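Right, one structure below, let's go through it.
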Amino acid sequence: MNSQEPRPLRALVVSGDRPMLRHISQFLSAFEYEVWQAEGKEGGQALCEAVEPEFVLLDASRTTTEQLDTCRALKGALPHRSPIIFWLSAPLAALEMTEVLEAGADDFLAKPLVYGEALARLRAGARLLEHRRRSRGQGRLDPETGVLSAAAFNRLLSSVSMSGSRRAGAACVVADVDAFGRFAKRAGRKPAEELLREIVRKFVEVATDAVPIGRCGENRFVFLLRQKSEPEAATFAEKLRQTVAAATFKCGGEPVHVTISCGVATAADEPGKTFERLETALRGAKASGRNFVARYGQFDDETRSWSTLAQPGKLLETTTARHIMTPCAFMLNADDTARQAKLLLENAHLAELPAVDGRGKLLGVVQAERLGHGLAPGPDEATLVADVLERNVATFDEATRFSTVMDFFSRDPRPVAVVLHQDQPVGILSRNSILALSRPLKSNTFNARMQPSIDSGYLVVPDLVPVGEA
């Protein structure tokens with residue numbers, strides 16, 4: 001049970017040769033490492049503390065005192081989770097290699113870099129890091145907080161199940177410190193670790209000696225309550241949550257407030273099953289807004305209700321055309337010139353606009369693609385909107401159900417339809433805009449494909465990625 005999500009491994013490249021920095025960074029990035037760069041000792045040490053890389057590639061043209069000091073500083077930046085340090089240099093004499101190893105380097109990479117060798121060494125380094133992690137976990141106590149290690153707690157939980165104590169009642173609580181990473185980002189790793197130790201001291205005050213505590217993730221802890229029912233464990237978890245929430249801690253010399261989320265479950269026959277139950281309960285606590293206690297199975301009725309709601313056709317059955325249309329901010333009149341229409345469509349980044357008569361009744365739609373784009377020849381001054389209208393336009397009342405709209409676009413080739421209110425256009429629907437509703441939004445979904453400009457048109461944010469593209 002680990003609170004950390006999988007992520008790319010981080011590599012810090014330290015070199016006084018800036019072209020070399022860029023070159024190695026391109027190589028590592030091509031193989032999906034998260035790469036950071038520093039030019040010298042101070043910058044390398046600061047970045048090492050800030051980003052906690054798994055690997056450091058230290059470019060050293062010669063074995064100088066300054067470079068050896070840099071290696072020592074990088075090795076000491078993270079005392080509890082030292083990175084694998086690769087010393088990049090020309091082949092070294094035996095005495096030089098000894099000096100480099102004593103300074104903290106773990107391995108050597110010869111220059112010029114052989115890419116296949118580097119990949120193999122990095123992979124071996126990742127295995128060594130995992131070996132170190134497992135070795136630390138095999139000790140009885142967690143070295144940073146003093147509570148039971150994950151392995152020791154698992155042994156204890158196994159013995160409880162095997163002895164039959166579970167039949168007399170045993171439950172577990174998992175507590176996760178909410179958004180713990182923000183403290184390391186603000187104050188640094190060392191103050192954040194001291195904060196975690198303060199929080200654990202609060203845990204110990206509430207748990208006393210009767211409740212063993214184990215660490216099962218960076219900011220996640222588990223408690224074993226022998227001969228206790230799940231409701232009793234939930235009461236304990238609530239007291240734990242309230243105690244932490246009411247306390248004032250220190251991080252980097254500044255007072256901070258901390259909350260925890262807790263999952264509660266009855267112990268199963270096997271530790272693995274117990275942790276699965278705790279993980280499920282904890283997800284419920286996090287989904288409830290954090291700073292909350294949730295029991296295993298507590299939200300099963302909600303899950304079943306959602307499963308019913310999420311069945312095909314159910315989720316959007318109350319949605320109507322009005323809810324999903326693009327409102328018509330502009331209208332064209334039949335006696336407007338086609339050139340005016342072209343300019344309006346281009347400035348507003350629109351593909352089409354409805355045209356109305358003098359009473360506001362729909363006449364048709366003007367489509368940008370029929371008027372030319374950019375510097376392409378456009379309509380002359382004599383051409384009116386009435387001359388370029390697409391009159392074969394589908395329409396929907398604003399109360400039309402979503403399923404009806406979907407059915408229309410699935411069988412009719414026309415790409416757009418106009419939404420009417422009392423026979424007057426109020427919005428437009430398109431096949432692409434409807435399909436886009438189900439596409440996940442990403443950070444670059446609406447990124448402008450143009451250079452930043454002080455022109456007001458740059459502030460218009462159209463749907464820049466049509467469905468089917470990218």
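Derivation of every value follows stated rules applied to the coordinates shown; laboratory data play no part. This is a predicted model, so every value here is computed, not measured. Neighbour counts run over all protein chains shown; Cβ positions are idealised from the backbone, glycine included.
Side notes on the structure shown:
- Peptides 59-69, 296-306 ranked from most to least packed give 59-69, 296-306, packing being the mean of other C-beta atoms within 10 angstrom over each peptide's residues.
- Between 0 and 90 degrees, the angle of helix 230-246 with respect to the longest Cα principal axis of the chain falls at about 90 degrees.
- 18 Å Cα-Cα threshold exceeded, pairs from Lys185/Lys239; Lys202/Lys286; Lys41/Lys75: Lys185/Lys239; Lys202/Lys286
- Charged-residue dipole, Cβ positions (Lys, Arg, Asp, Glu), region 72-120 about Cα centre, Debye nearest 20: 220 debye
- Projecting the Cα positions of Ala233, Phe299, Gly289 onto the charge dipole of region 150-306 (unit charges on Cβ atoms of Lys, Arg, Asp and Glu, taken about the Cα centre) puts Gly289 furthest along the positive direction.
- Counted by neighbouring Cβ atoms within 10 Å, the residues Met406, Met450 run from fewest to most as Met450, Met406.
- Two-decimal Rg/Rh across region 127-277, once Rg and the Kirkwood Rh are taken from alpha-carbon atoms: 0.98
- Amide H to amide H, with H built 1.01 Å from N, Met331 comes under 5 Å of no residue 5 or more places away or on another chain.
- Ordering Ala187, Ala267, Pro79 by the projection of their Cα atoms onto the charge dipole of the chain, which places +1 on the Cβ of Lys and Arg and -1 on the Cβ of Asp and Glu, puts Ala267 at the extreme positive end.
- Cross-link reach is defined here as a Cα-Cα straight distance under 24 Å, omitting same-chain residues fewer than 8 places apart; for Lys342 the lysines meeting it are Lys361.
- Peptides ranked, highest mean first, by Cβ atoms within 10 Å: ranges 319-325, 420-426, 130-136, 169-175: 169-175, 319-325, 420-426, 130-136
- Charges were assigned to the Cβ only: +1 to each Lys and Arg, -1 to each Asp and Glu. The resulting dipole of the chain about its Cα centre is roughly 1720 debye.
- Cross-link partners for Lys111 among the aspartates and glutamates, with Cα-Cα distance under 19 Å and sequence neighbours closer than 8 places in the same chain left out: Asp17, Glu39, Asp59, Glu96, Glu99.
- 0 to 90° range, to nearest 10: angle between helix 402-411 axis and the chain longest Cα axis: 70 degrees
- The residue among Gly16, Leu57, Thr404 whose Cα reaches farthest toward the positive pole of the charge dipole of the chain, with charges on the beta-carbon of Lys, Arg, Asp and Glu, is Leu57.
- Dipole magnitude (debye, nearest 20) for region 333-427, charges at Cβ of Lys, Arg, Asp, Glu: 180 debye
- Cα long-axis angle, helix 338-348 against the chain (0 to 90 degrees, to the nearest 10): 10 degrees
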